[in-house]
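Encoded as structure tokens, the structure appears first; notes follow it.
Just so it is clear, none of the values below were taken in a lab; they were calculated from the coordinates. In this text, all values refer to a predicted model and were calculated from it rather than measured experimentally. Neighbour counts are summed over all protein chains in view; Cβ atoms, including those assigned to glycine, are modelled from backbone coordinates with ideal geometry.
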Amino acid sequence: MLSFQDFDLSKRNTFRMKVKCALYIEVTEEADLPALDWDSLPKPVFVMGGGSNLLFTRDFPGTVLHIGIKTDFGRGVILTGTPGPKVTIGAGTVFDDFCAWAASENLWGPENLSLIPGECGASAVQNIGAYGVEAKDIIAVIRAWDMLERKFVDIDPADCQYGYRTSSFKTEWKGRYIITSVTYKLSKEPNPILDYGGVRRAIEESFGGVLSQTCGHPRPHKREGPIADGRGRSEAETVWEGISPKLVRDTIIAIRRKKLPDPEEIGSAGSFFCNPVISREHFGLIVKTAKEDNGPDYEVPHYEVPGGIKVPAAWMIEQCGFKGAANGGAQVYRNQPLVIVNATGTATPEEIIGLEQRVIDTIYTKYGITLHPEVEHV
């Protein structure tokens, strides 16, 4: 365990806000947590992951606690469980390192979540998601230190009330549990999810042909008639050939890199706003407005989801002319308006918040929708 007073957090948050905390503690093993003198720590205590989904609005007056328990993939990782393999990963492990390892082992599950910044512990808190997959889909068990009971517990994801970018860790359990590891369930059987964000099209270009659709899952190749390998498979059987977790991962990475800023080059917190879910009636009004603005044949991008219609916040932000808009050093990213960036490297929290509020106010005026930030404000 390491600790530092009056610690500069500039390199510990991907927005690169130049702020400090009274005390910074790096926990490197589970035994550090029960050994801490919690009562003596400067308050409040904030548990931080990789710093990729938050905005520090000022210097933090208390303790920032980072769980730096990492999994070393180079030393070999033990797979457990039946019928499918499971793997336990330290909370401080970079999530994309886990995705890369799984793809290298030809294991399915996290490939669509590739290149999402942050750490594995945060994946269980935030329920990170992209391209049709959410963290909850692959989480088997969450191990955590219970601040109330002062003991380690294993939490069933079914009890976490997972939803779109939320969980009980962000609501009723906030401040109670400190996640030390996450056990993910993987699969050796191909089950790619491709029908989001141009992934299918990119895969088709790799194959040089059109993928068919069977039982809701894309299939690159279908063999008709008897199969010559002697295993007696039926005519209707669909056989995967060529698609691998690595191919899907590489495709996702290529798409993300075209749209999203590299956090090593420009500061941001990833997607800044949540995509709103609205009623069908409300969506009808938005369609009417969009056709008035863009012509009678214009199609509004949307997704059918439980509870209503999900409308991309990025589309609304672009429709309102914010693409590339700036407020001091803060800017709406030109390639993906869902992202606000620290364009100059010197943006202040006030400039980020000012631009955020302008976007929220304008979207509400035009569409009657209040956007909510996905990024946590601290």
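What the table below lists for this structure:
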item	result
Unit charges at the beta carbon, dipole of the chain: most positive-side option, PRO245, LEU54, PHE322	PHE322
Residue-count net charge about TRP108 - beta-carbon cut-off 14 Å; Lys, Arg +1, Asp, Glu -1	+1
Radius 12 Å from Cβ of GLY163, net charge of other residues (Lys, Arg +1; Asp, Glu -1)	+2
Segment 280-317: chymotrypsin sites (Phe, Trp or Tyr not before Pro) falling in loop per DSSP and having at most 11 other Cβ within 10 Å	TYR298
Theoretical FRET efficiency, 1/(1+(r/R0)^6), r = Cβ-Cβ of VAL153 and HIS372, R0 35 Å, to 0.05	0.70
Cross-link table LYS18/LYS323; LYS18/LYS259; LYS170/LYS259; LYS288/LYS366; LYS70/LYS246, entries beyond 21 Å C-alpha to C-alpha	LYS18/LYS323; LYS18/LYS259; LYS170/LYS259; LYS70/LYS246
If the convex hull is drawn through the Cα atoms of the chain, its volume per residue in Å³	166
Two-decimal ratio, segment 258-325, of alpha-carbon radius of gyration to 2.2 N^0.38 Å	1.31
Relative contact order of segment 26-152, defined on C-alpha pairs under 8 angstrom at six or more residues apart (%)	21
Mean Cα-pair separation over length for the chain, i.e. relative contact order, pairs under 8 Å, 6 or more apart, %	15
Cut-off of 10 Å, at most 15 other beta carbons, DSSP loop: longest stretch of the chain lacking such GluC sites (Glu not before Pro)	30-148
Spin-label pair LYS11/PHE73, simplified geometry with 7 Å Cα→Cβ offset, distance in nm	2.3
Relative contact order computed over segment 267-377 (Cα-Cα under 8 Å; 6+ residues apart), in percent	31
Rounded to whole Hz, the Karplus (6.51, -1.76, 1.60) HN-Hα couplings of segment 339-344, x for glycine and proline	10, 9, 10, 8, 4, 8
Approximate spin-label separation ILE360-ALA35, in nm, with each point projected 7 Å along Cα-to-Cβ	4.2
THR346-SER104 pseudo-label distance in nm [points 7 Å out on the Cα-to-Cβ vector]	4.1
Candidate aspartates and glutamates for bridging to LYS291, where Cα separation is under 18 Å - those fewer than 8 sequence places away on the same chain excluded	GLU281, GLU299, GLU318
Sum of -39500 (n - 2.57) over DSSP H runs of 4+, divided by residues of the chain (222 nm, nearest 500)	-7000 deg cm²/dmol
Over segment 267-377, equivalent-ellipsoid semi-axes from the Cα gyration tensor in Å	26, 15, 11
Test item: Cα-centred dipole of the chain, Lys/Arg +1 and Asp/Glu -1 on Cβ, debye	360
Estimated FRET transfer efficiency when R0 is 56 angstrom, pair MET1-GLU204 (beta carbons, to 0.05)	0.65
